[in-house]
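Single-structure report; data block below.
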Amino acid sequence: LATTCLALAALPAQAQGVRAQNLGDLGLWGVSPAGAPEAPPALWAGADPRLLALAFDRIAAPPKSPALQGLARRIATVAAEAPPAGAQDAASARRRFAFAARVARPDDAADMALRAPRLDLDPELSQIAADAAFADDRIEPACRVVQALASRSEPYWLQARAACFALRGEGPAADLAADLARAQGVTDPWFFAAIAQKTGAAPRGPAIGQYGSGLAIALSRALKLAPAA
């Protein structure tokens, strides 16, 4: 990852956008947000995708140094050929998207994740995409991803469906979806209080916002809740 930082640091600052001729063959490693810096096609050549995934996981938050922040964002969002065997290793590629959601600008992270091919066939990547879109206040794109996974019963999707109804102003549907989530075993008092306040089912909701996920950010923003001091 450090070698990649050096390679990206040497890229011309004005180089914008990835050449389109081979992106269709690059799979998830060839996805980038609009206006992302151009990368050498062989950026990941010789890299072990599992070690890259480990490196992506190790960086849990943007570095404190502004210079390192910029490099981390470029690493997260550039498109290049997949590392050896990486084209068949979707799990490693997903780590790159999760890394982008942590360190890139919200609009870049959302744009990149929403461009991933066949999201409906990859629930883990779909969750990254939906949550990035919620965080960037792209409610409709986020809810389209949620709708495509309407058959999923994991807690995130149950909560996301209720949130989509609430954020769209569909109160009765949101309350019903929240009740279904509760019946399916979801235990999140803050979430249920936020939905109830948004739909008008309860006069008061949470006093403090939550900003640990895109879904919580979207609800906190809609309710004008300040984060904890």
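The values are calculated or read from the model by the stated rules, or taken from the named source; none is laboratory data. Only a predicted model underlies this, so the values are computations on that prediction, with no experimental measurement involved. Note that we place each Cβ from the backbone using ideal geometry, even for glycine, and neighbour counts take in every protein chain shown. All accessible areas refer to the heavy atoms of the entire protein, side chains included, with ligands and DNA or RNA removed. Shrake-Rupley method; radii C 1.70, N 1.55, O 1.52, S 1.80 Å.
The criterion of at least 2 residues that are in contact with a Ser or Thr (Cβ under 8 Å, 6 or more places away or on another chain) and open to solvent by less than 50 Å² (accessible area, probe 1.4 Å) is met by the following helices (runs of 4 or more DSSP H) wholly inside the stretch 34-125: 49-58, 66-77, 106-114. Can you pull out the residues in the stretch 126-138 that are assigned to a helix (DSSP H, G or I), open to solvent by less than 70 Å² (accessible area, probe 1.4 Å) and more than 10 Å from residue 97 (Cα to Cα)? Matches in the stretch 126-138: 126, 130, 131, 133, 134, 135. Candidates in the stretch 153-181 are the residues that are of a type outside the set (Ser, Thr, Tyr) and touching a residue at least 40 places away in the same chain (Cβ under 8 Å); of these, the one that is surrounded by the most Cβ atoms within 10 Å (Cβ to Cβ) is 163. Condition test on residue 150, is it among the hydrophobic types (A, V, I, L, M, F, W, C) and either surrounded by fewer than 17 Cβ atoms within 10 Å (Cβ to Cβ) or in a loop (DSSP other than H, G, I, E, B) (or both)? For residue 150, the condition - among the hydrophobic types (A, V, I, L, M, F, W, C) and either surrounded by fewer than 17 Cβ atoms within 10 Å (Cβ to Cβ) or in a loop (DSSP other than H, G, I, E, B) (or both) - is met. Taking each residue of the stretch 210-229 that is farther than 21 Å from residue 128 by Cβ and looking for partners that are outside any loop (DSSP other than H, G, I, E, B) with beta-carbon atoms closer than 7 Å, six or more apart or interchain, yields 222/167; 222/198; 223/194; 223/197; 223/198.
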